[in-house]
1. Would you mind counting up the charge near Leu69? Only other residues with Cβ under 13 Å from its Cβ, with Lys and Arg at +1 and Asp and Glu at -1.
2. Which length gain, in nm to one decimal place, applies between Val111 and Ala44 when the Cα-Cα distance is subtracted from 0.36 nm times their residue separation?
3. How much length is gained on full extension from Val80 to Gln36, taking 0.36 nm per residue of separation minus their Cα-Cα distance?
4. What ranking, highest mean first, results for peptides 59-68, 82-91 when packing means the other Cβ atoms within 10 Å averaged over each residue?
5. Going by how many other Cβ atoms sit within 10 Å of their own, how do Phe132, Phe72 line up, fewest first?
6. By how many nm would the segment from Trp97 to Phe132 grow when fully extended, if each residue of separation counts as 0.36 nm and the alpha-carbon distance is taken off?
7. What list of ³J(HN,Hα) couplings, whole Hz, do you get for the range 56-73 from phi and the Karplus terms 6.51, -1.76, 1.60, once you set θ to phi - 60° and write x for glycine and proline?
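Just so it is clear, none of the values below were taken in a lab; they were calculated from the coordinates. Keep in mind that what you see is a predicted model, and the values were worked out from it rather than measured. All Cβ positions, glycine included, derive from the backbone under ideal geometry; neighbour counts span all protein chains shown.
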Amino acid sequence: MNKAAVSAAAGALLYTGGGFLSASSCLRTVPRRPFQPTSSVFPAVWGTLFLLSGLAAGVAAARRQWVLLGLFVLLFVFEVAWSPVYCSHPDKRWAAWLIIPIIALALGVAVHGDAGGLAKAAGVSTVAWCVFAQQLLTTGPVRIS
């Protein structure tokens, strides 16, 4: 079996599994906005984003693109940290602030010189979703009593 394929599969599995564990704890504990999609949309979107990022990170590892892989690792750390902060902290502005490094890292992935099409797709998709998520976090009341 191809080393890049094994690395991509392992990256996808680790990235997606960690993302689901992080996000599964809070989907029903947060207030809904009028324009917010149903809670079933979030696991599908985040699952797709984590899958893309994990595959691209695995390919970067197989190709020994260490800077790109480092960007993916940092991106993963911030993405996994976001859900517990959003779900458990009473002031949702903390989660809004965490979106900023996520967007910066995803942009770094998308414009990195060694990034292939998969990495660029993962970066751009993450940025687009996070811009939408930021709107959910910063409009209207954001405190849970």
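1. Computed value for this residue: +1.
2. Computed gain between Val111 and Ala44 is 21.6 nm.
3. Separation in residues times 0.36 nm, less the Cα-Cα distance, equals 13.7 nm.
4. Values: 59-68: 18.2, 82-91: 16.3.
Packing order, densest peptide first, comes out as 59-68, 82-91.
5. Numbers: Phe132 13, Phe72 29.
Fewest-to-most ranking of Phe132, Phe72: Phe132, Phe72.
6. Values: separation 35, 0.36 × 35 = 12.60 nm, distance 1.40 nm.
Stretched out fully, the Trp97 to Phe132 stretch lengthens by 11.2 nm.
7. Values, residue by residue: 5, 5, x, 5, 4, 5, 5, 8, 6, 8, 5, 5, 4, 4, x, 4, 5, 5 Hz.
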